[in-house]
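Structure record follows, encoded as structure tokens.
The values are calculated or read from the model by the stated rules, or taken from the named source; none is laboratory data. Just so it is clear, the model here is predicted, and its values are computed rather than measured. Glycine gets a Cβ as well: all are built from the backbone with ideal geometry, and neighbour counts include every protein chain shown. Ligands, DNA and RNA are excluded from the accessible area calculation, which covers all protein heavy atoms including side chains. Shrake-Rupley method; radii C 1.70, N 1.55, O 1.52, S 1.80 Å.
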Amino acid sequence: PTQCDNWVRTSNGGHFASPNYPNMYPPNQECIYILEAAPRQRIELTFDEPYYIEPSFECRFDHLEVRDGPFGFSPLINRYCGLKSPALIRSTGRFMWIKFTSDEELEGKGFQAKYSFIPDPDFTYLGGILNPIPDCQFELSGADGIVRSSQVEQEGKTKPGQAVDCIWTIKATPNAKIYLRFLDYQMEHSNECKRNFVAVYDGSSSIENLKAKFCSTVANDVMLQTGTGVVRMWADEGSRLSRFRMLFTSFVDPPCSGNTYFCHSNMCINNSLVCNGIQNCAYPWDENHCREKKKTGLFEQITKTHGTIIGITSGIVLVLLIISILVQVKQPRKKVMACKTAFNKTGFQEVFDPPHYELFSLRDKEISADLADLSEELENYQKMRRPSTASRCIHDHHCGSQASNIKQSRTNLSSMELPFRNDFAQPQPMK
């Protein structure tokens, strides 16, 4: 906010005035004054004489605007202009926002206002003020850190049932600025800025250095332009459940030096803050390409050497498995053929089948002639065997000798040596 004159402050109040007072104020001016009282107090504003602000309908030109709160959108109390000074103005809370505006023509002497603090009647009982709030201050510094409201109770700064009014002073590293980001934020009575709030100051805790004030359900990040930040929390007796947790990070403007990291958001942070598990940049660039730090598991313990050994072993096992499958696929066929070969079909037929003979197709003319003679001998043999077998079966009542004759004939047949020539010519027809 633009200030147009020096402030005079005392423990009980102070005063401020328009530029050049009591002389004519200059044209095209816009001056903003923000008044802040202590907790459980209100503000009273009075005006001295002489007083003159260019009069106009509804004070549309030069005017003095007063609002009940710390912001330009706080409830409007009134607009003032003309020759007569305003009556006593009193706030309903701890803050008052005042703006003086002048256009390009018709200036006047302006004004001088005095402000003082009075007890807030909402915090009085039996005609007196409640017990004073104890001193509650903390200091933090370094590349980053956490500002948390739970520190108040942990260090016993306040007792249960008491109001909270605590200040955290943050010191950045040399030649650095401060970036604040809320990690946790909750207001018990949201949008009741009189009962509880979190205020952020840039440089000091003076009201003109107020950077932001949060009392609703949402708190935004804050970029400070100095190396000193002040965080103030106020919560009355009925708002003790309000809490916040804030991360502060020291940063410098680009270009980044060798020991800093560029955050892609017009800020450079210390390299020690990269991949530390906390987002220190306005955008999470400092944590995007980091391996997540977890408890080392079985797979994380496997090194490259172990992985190579496991891979080679798995490959060998796979190859052996494929070979085994191929062998199993072919092995059953060999076993079936071996079983057929081992089966003695000739002996089985000799016992149960009648004797028979097979004719072979040979590929030589000489063999065919010998076979013709053999055929005649076989016919004579059959003629002789039949009568002898019949008479023997009649006298002996069995035909057991038939098997021995058959075997003898087969033995004679098998003992014959037949000439054979391995010739692949077309065989001659049998005679």
Completion exercise
Taking the stretch 268-281 and keeping residues open to solvent by less than 20 Å² (accessible area, probe 1.4 Å) and among the β-branched types (Val, Ile, Thr) leaves 269
Handout entry: Failed criterion for residue 280 (all others in (1) touching a helix residue (DSSP H, G or I) at 6+ places or on another chain (Cβ under 9 Å); (2) not in a loop (DSSP other than H, G, I, E, B) hold)
Key = (2)
Exercise for the section: Could you tell me whether any residue of the stretch 19-30 is in a strand (DSSP E or B) and open to solvent by 60 Å² or more (accessible area, probe 1.4 Å)? Expected result: yes
Exercise for the section: Scan (1) at pLDDT 85 or above; (2) open to solvent by less than 40 Å² (accessible area, probe 1.4 Å) for the single condition residue 144 breaks and write down its number. Expected result: (2)
Completion exercise
Considering the stretch 38-53, residues that are part of a strand (DSSP E or B) and not polar (S, T, N, Q), and then whichever is surrounded by the most Cβ atoms within 10 Å (Cβ to Cβ), we arrive at 53
Practice task
Could you tell me whether any residue of the stretch 212-231 is under 21 Å from residue 43 (Cα atoms) and in a loop (DSSP other than H, G, I, E, B)?
Solution key: yes
Handout entry: Any hit, the stretch 186-194, residues being in a strand (DSSP E or B) and open to solvent by less than 50 Å² (accessible area, probe 1.4 Å)
Key = no
Exercise for the section: Would you be able to say whether some residue in the stretch 96-111 is under 26 Å from residue 185 (Cα atoms), assigned to a loop (DSSP other than H, G, I, E, B), at pLDDT 80 or above and in contact with a Pro (Cβ under 6 Å, 6 or more places away or on another chain)? Expected result: no
Exercise for the section: Considering only the stretch 195-220, state which residues are closer than 20 Å to residue 247 by Cβ and open to solvent by 50 Å² or more (accessible area, probe 1.4 Å). Expected result: 211, 217, 218, 220
Exercise for the section: Give the stretch 232-267 a look and list any residue that's surrounded by 19 or more Cβ atoms within 10 Å (Cβ to Cβ), part of a loop (DSSP other than H, G, I, E, B) and not assigned by the TED database to the domain that holds residue 184, or say none. Expected result: 263, 267
Practice task
Kindly check whether there is at least one residue in the stretch 189-202 that is modelled with pLDDT under 85 and under 31 Å from the mean Cα position of the chain (by Cα).
Solution key: yes
Exercise for the section: Please specify each residue of the stretch 54-70 satisfying the condition of being small (Gly, Ala, Ser) and surrounded by 18 or more Cβ atoms within 10 Å (Cβ to Cβ). Expected result: 69
Exercise for the section: Among what's in the stretch 281-318 and is within 30 Å of residue 249 (Cβ to Cβ) and among the hydrophobic types (A, V, I, L, M, F, W, C), pick the residue that is modelled with the highest pLDDT. Expected result: 281
